[in-house]
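Here's the structure we're looking at; comments come further down.
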There are 2 protein chains.
Amino acid sequence: MDAEQFRAAGHALIDWIADYRQTIESRPVRAQVEPGEVRRAFAEQPPESPVAADILLRDLEQKIVPGITQVQHPMHYGWFPSNASLASTLGDIASSGLGTLGISWESCPAATELEEVVSDWMRQLLGLSDAWEGCIQDTASTACLTALLIARERASDYSESRGGLQGEDKPLIVYTTGEAHSSVVKAALLAGFGRDNLRLVDMDPETRAMSAEALAAQIEEDLNTGCNPAAIVASIGSTGVTAFDPLAEMVEIAAEHAIWVHVDAAMAGSAMLLPECRHLWSGVERADSISWNPHKWMGTILDCSLLYVRDVEHLVRVMSTNPSYLRSTVDDEVKQFRDWGIPLGRRFRALKLWYHLNIDGIDAIRERLRRDLDNAQWFAQTVDATDDWRVLAPVTLQTVCIRHEPEGLSGDALDRHTLAWVNAINQSGDAFMSPSQLDGRWMVRVSIGVESTTREHLEQLWALLQQRAREALT
Amino acid sequence: MDAEQFRAAGHALIDWIADYRQTIESRPVRAQVEPGEVRRAFAEQPPESPVAADILLRDLEQKIVPGITQVQHPMHYGWFPSNASLASTLGDIASSGLGTLGISWESCPAATELEEVVSDWMRQLLGLSDAWEGCIQDTASTACLTALLIARERASDYSESRGGLQGEDKPLIVYTTGEAHSSVVKAALLAGFGRDNLRLVDMDPETRAMSAEALAAQIEEDLNTGCNPAAIVASIGSTGVTAFDPLAEMVEIAAEHAIWVHVDAAMAGSAMLLPECRHLWSGVERADSISWNPHKWMGTILDCSLLYVRDVEHLVRVMSTNPSYLRSTVDDEVKQFRDWGIPLGRRFRALKLWYHLNIDGIDAIRERLRRDLDNAQWFAQTVDATDDWRVLAPVTLQTVCIRHEPEGLSGDALDRHTLAWVNAINQSGDAFMSPSQLDGRWMVRVSIGVESTTREHLEQLWALLQQRAREALT
């Protein structure tokens, strides 16, 4: 494909994207396809001869789009808001168009330095001190793994340069809670700590936040039995019920024993753009690493996860490689972001943040977040004020955990009822929510915060919920 | 930004991208900026009020582009070809436009299933048997780390579910050579094996391929001293001199001791699209995992690295998480690619491969690869036939390692001369090559294979090399 063919096909694609984004509301929220249906729409063998771009555009519309769960749909309340704002989409397109290679500063100085600029802008917008330096990673899963790897190396005095984790006498221990995101457990296992050395610390039964006393006691016990407490992962806005671990107390305890504290604020980090929310991570300045995803509620298109650390030298020492073919004459004067994470090659992801912040502007972004906080409060109060409906956890941000509990239903029967009405709604395509478990029982998470979701959409959702729950009873 | 604003700005951006790609040859290859120069072109504080998209386009042109090393430039011979074909760029743009969320099959069935389809197409095009199943990862670094993690868990009988690597009695050992890519060492260290347990096996001094005899002897010695040989990483086309480890012999040795074999064909995997090159990885069907990057020579825009494994069940067992909020009613019938790698959230990367294969067609891609192989042979013969110039390693694919060795220059003086002429060329912006070390001495890697590089460009390069090398002597 030459540049003129690209130009023509690109214009057609842009028009198609604009139309697609404009008409999302007319599509079902959850993809209506069966397993294997999309796959069977494509040939099993690779194409033998070239196909024109307009045929692919037709296939996009007819074969791909029906297989997409529309997370940009205003009636999407599943998982978390995964806003792909059009401003950031434009920046992502610019990144593709430039076709840069990010393996070193020299391979694309602009990609490195704009990433420094926007990471620092975001630091300021979050109210973090300039002790923090950041970079963009793909996801909070990867950022958390990176954090646990550098925590492992600090606690083991760089065991990677000797016998590795297998050369350690004292077992290294990681602390978190049962509310932590699945990626935390995954990261601990992949980093080699082992499940036996992962402590799920007790929580406050009401808020589901970590109990600081339980943490202190657990560390004490581990020290007494010859273990090496290495890392604490604090959930700042847990996935299940948006619980906030007591960070200020945790960093205090960690400091006594020089334990690495990683703050997982994947979803709730966006809230820290609002000064009135920052009390929720009070103590953050004494943590060691923070990750959060602009690609969630804030709306910078996936993948865009920010990782901040205070001790850059330590991070780089653990993660760096410096082979001769990647050296240049200016290595001492520049950042090499390959040494800040796992991958060597990196896309020019700074552009999507740069476009997003410049075009939409931080005021509009903040206003939208506040709208969502208001909507969540309204929704929770409405649900709570209605007979047989319950809000199951404090609504601190934009997620409301609910259950319809009609008289006489409990235990497994209640579980069946919950799954019946939520699956009925999800299958209908009218709205989408995530069923989730709380204390072993099913509930429904209503995660509010799609860019296009207004109060009217929530009113619509509430009517739908009541109707489907009634229907499920009969 | 609303859809109509996006449409207008998108059209302008597409035109700008088409113009940019058309005029790349008129730009310097290596970015001509000093460290910090791009950063200083941007404000230290985040923008307070919104900025129009056309202002950003102007900034792209004036502030960003001068900071890009033009790897799409026909005179780029650095590192490796990092082709961002316009067909795949279009697919990447479609992916951004769709704004999908890939955290589970349910969140975007089309992203999962098209990835299955194109991974299988690529398997067929590489001539691999259907024992292999693949997925798209960001880079070969991440794929190699994933491979070493699953190798670690196989060798330790799933130590992650117990005391982790630190609970192992026998040290787990990883084998590779000093020619292996830096990401292999990095992966071994991050996976917790430790540098003491990384064996850099002796190589054939001529080809710099691993010595199979040395490998067998090393494994024997490790077994005798109570170690647990866990993984062998074979370089199929090393970065330095495109060395090919003797895979057929290595898998034979590995099979005797049930050692995991990972094939790192990051760059050279593209060559396996050509049946006449496949003898270079003879034995591959008995390996356990393979990674290679369509985002290099083949030209599917970064990031697009394919990871193939034979034992999917094992991969998923090591990498999977299955929290309640990610479950759906069809989990038994679908693939969950989150369980095939580190990140949970994934972009819709299958689209760029799908666009690339459909629009350009495999025949044209193969023809271009063969053109590059011919060009490399021509270039190597031309250099080799010239007094004072040497080709330092066999030219198996498209990389030619050269040195200008005028009479009377050796040792450090020769190093200074080499760096002088290559840096002079790189700084001029006329062409770009990677200086690299071989046996502790500097040489220059001429990596041929940018989409737009023709024989004429190589003739131009050869004239430039001779001129600059002469000048460096005076």
Does B:D264 count as within 14 Å of chain A (Cβ to nearest Cβ), in contact with a His (Cβ under 7 Å, 6 or more places away or on another chain) and charged (D, E, K, R)?
yes
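Quick one: which strands (runs of 3 or more DSSP E) lie wholly within the range B:252-329 and hold at least 1 residues that are at positive phi? Please lay out each step first, then the result.
Details: elements: B:260-264, B:289-292, B:305-309.
Hits in the range B:252-329: none.
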Which numbered condition in (1) farther than 25 Å from A:R27 by Cβ; (2) touching a Pro at 6+ places or on another chain (Cβ under 7 Å); (3) among the small types (G, A, S) is the only one that A:A385 fails?
(2)
How about the range A:196-205: which of its residues are farther than 25 Å from A:K170 by Cα and either touching a residue at least 24 places away in the same chain (Cβ under 8 Å) or touching a Lys or Arg at 6+ places or on another chain (Cβ under 8 Å) (or both)?
A:M203
Hits in the range A:171-187 - residues which are part of a loop (DSSP other than H, G, I, E, B), without any contact (Cβ under 8 Å) to a residue 60 or more places away in the chain and more than 15 Å from B:R162 (Cα to Cα)
A:G178
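Might you let me know whether the range A:361-376 holds any residue that is among the acidic types (D, E), modelled with pLDDT of 95 or more, farther than 30 Å from B:G440 by Cα and in a loop (DSSP other than H, G, I, E, B)? Outline the logic, then answer.
As a first pass, look at the range A:361-376 and keep what is among the acidic types (D, E): A:363, A:367, A:372, A:374.
Filter again for modelled with pLDDT of 95 or more, leaving A:363, A:367, A:372, A:374.
If we keep only those that are farther than 30 Å from B:G440 by Cα as well, we get A:363, A:367, A:372, A:374.
Imposing the further condition that a residue be in a loop (DSSP other than H, G, I, E, B) reduces the set to none.
No, because not a single residue in the range A:361-376 is among the acidic types (D, E), modelled with pLDDT of 95 or more, farther than 30 Å from B:G440 by Cα and in a loop (DSSP other than H, G, I, E, B).
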Only residues that are surrounded by 24 or more Cβ atoms within 10 Å (Cβ to Cβ), facing chain A (nearest Cβ under 7 Å) and farther than 30 Å from B:Y175 by Cβ: list them for the range B:111-157, please.
B:E113, B:L114
Which condition from (1) more than 7 Å from every other protein chain (Cβ to nearest Cβ); (2) under 26 Å from the mean Cα position of the chain (by Cα); (3) surrounded by fewer than 21 Cβ atoms within 10 Å (Cβ to Cβ); (4) of a type in the set (G, A, S) is the one that A:S182 breaks?
(1)
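If a residue must be of a type in the set (D, E, K, R) and within 11 Å of another protein chain (Cβ to nearest Cβ), how many such residues does the range A:293-316 contain? Step through it out loud before you land on a result.
Let us first name the residues in the range A:293-316 that are of a type in the set (D, E, K, R), namely A:296, A:303, A:310-311, A:313.
From what is left, the residues that are within 11 Å of another protein chain (Cβ to nearest Cβ) are A:296, A:303.
So the answer is 2.
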Failed criterion for B:S447 (all others in (1) over 21 Å from B:F379 (Cα atoms); (2) within 14 Å of chain A (Cβ to nearest Cβ) hold):
(1)
Would you confirm whether or not the range B:51-68 contains a residue that is crowded, with 24+ Cβ neighbours inside 10 Å, out of contact with any Gly (no Cβ under 9 Å at 6 or more places or on another chain) and not in a loop (DSSP other than H, G, I, E, B)?
yes
Within the range A:16-29, track down each residue that is surrounded by 15 or more Cβ atoms within 10 Å (Cβ to Cβ) and part of a helix (DSSP H, G or I).
A:W16, A:I17, A:A18, A:Y20, A:R21, A:I24
Check on B:A94, in contact with a His (Cβ under 9 Å, 6 or more places away or on another chain), among the aliphatic types (A, V, I, L, M) and at the interface with chain A (Cβ under 7 Å from one of its Cβ atoms):
no
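Please enumerate the residues belonging to the range B:185-207 that are more than 8 Å from every other protein chain (Cβ to nearest Cβ), out of contact with any Leu (no Cβ under 6 Å at 6 or more places or on another chain) and not acidic (D, E).
Filtering the range B:185-207 for residues more than 8 Å from every other protein chain (Cβ to nearest Cβ) gives B:187-188, B:198-207.
Okay, now just the ones that are also out of contact with any Leu (no Cβ under 6 Å at 6 or more places or on another chain), so B:198-200, B:202-207.
B:L198, B:R199, B:L200, B:M203, B:P205, B:T207, listed by residue number.
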Note down all Cβ pairs under 8 Å where the first residue falls in the range B:1-25 and is within 8 Å of chain A (Cβ to nearest Cβ), the second is in a loop (DSSP other than H, G, I, E, B) and aliphatic (A, V, I, L, M), and they're at least six residues apart or on different chains.
B:A9/B:M1
Filter pass, B:L57 being among the hydrophobic types (A, V, I, L, M, F, W, C) and within 7 Å of chain A (Cβ to nearest Cβ)
no
So in the range B:35-50, with the set limited to residues that are hydrophobic (A, V, I, L, M, F, W, C) and surrounded by 14 or more Cβ atoms within 10 Å (Cβ to Cβ), which one is farthest from the other protein chains (Cβ to nearest Cβ)?
B:A41
Somewhere in the range B:93-105, is a residue within 22 Å of A:D331 (Cα to Cα) and not hydroxyl-bearing (S, T, Y)?
no
Within the range A:103-110, does at least one residue satisfy the condition of being at the interface with chain B (Cβ under 8 Å from one of its Cβ atoms), touching a residue at least 60 places away in the same chain (Cβ under 8 Å) and either out of contact with any helix residue (DSSP H, G or I) (no Cβ under 8 Å at 6 or more places or on another chain) or among the aromatic types (F, W, Y) (or both)?
yes
All-but-one check, A:W79 against (1) over 24 Å from the mean Cα position of the chain (by Cα); (2) at positive phi; (3) surrounded by 20 or more Cβ atoms within 10 Å (Cβ to Cβ), failing number (1)
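For residues that are within 30 Å of B:T146 (Cα to Cα) and of a type in the set (K, R), scanning just the range A:342-397, find the one that is nearest to the other protein chains (Cβ to nearest Cβ).
Taking the range A:342-397 as the starting set, the residues that turn out to be within 30 Å of B:T146 (Cα to Cα) are A:342-353.
Still in the list and also of a type in the set (K, R): A:346-347, A:349, A:352.
On the way: A:R346: 8, A:R347: 6, A:R349: 10, A:K352: 8 Å.
Applying the filter and picking the extreme gives A:R347.
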Residues of the range A:200-226 satisfying the condition of being within 17 Å of A:V251 (Cβ to Cβ) and surrounded by 15 or more Cβ atoms within 10 Å (Cβ to Cβ)
A:V201, A:A209, A:M210, A:S211, A:A212, A:A214, A:L215, A:A216, A:Q218, A:I219
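What is the residue count in the range B:397-427 for residues that are in a helix (DSSP H, G or I) and among the polar types (S, T, N, Q)?
Residues meeting the conditions: 4.
Just checking, which of A:Q32, A:Q72 is polar (S, T, N, Q), in a loop (DSSP other than H, G, I, E, B), more than 7 Å from chain B (Cβ to nearest Cβ) and touching a residue at least 60 places away in the same chain (Cβ under 8 Å)? Lay out the reasoning, then the answer.
Values: A:Q72 fails: more than 7 Å from chain B (Cβ to nearest Cβ).
Only one candidate passes the filter, namely A:Q32.
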Exception for B:D439 within (1) within 27 Å of B:V65 (Cβ to Cβ); (2) surrounded by fewer than 18 Cβ atoms within 10 Å (Cβ to Cβ); (3) at pLDDT below 95 falls at (1)
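The values are calculated or read from the model by the stated rules, or taken from the named source; none is laboratory data. Only a predicted model underlies this, so the values are computations on that prediction, with no experimental measurement involved. Positions of Cβ are generated from backbone atoms using ideal geometry, with glycine treated the same way; all protein chains shown enter the neighbour counts.
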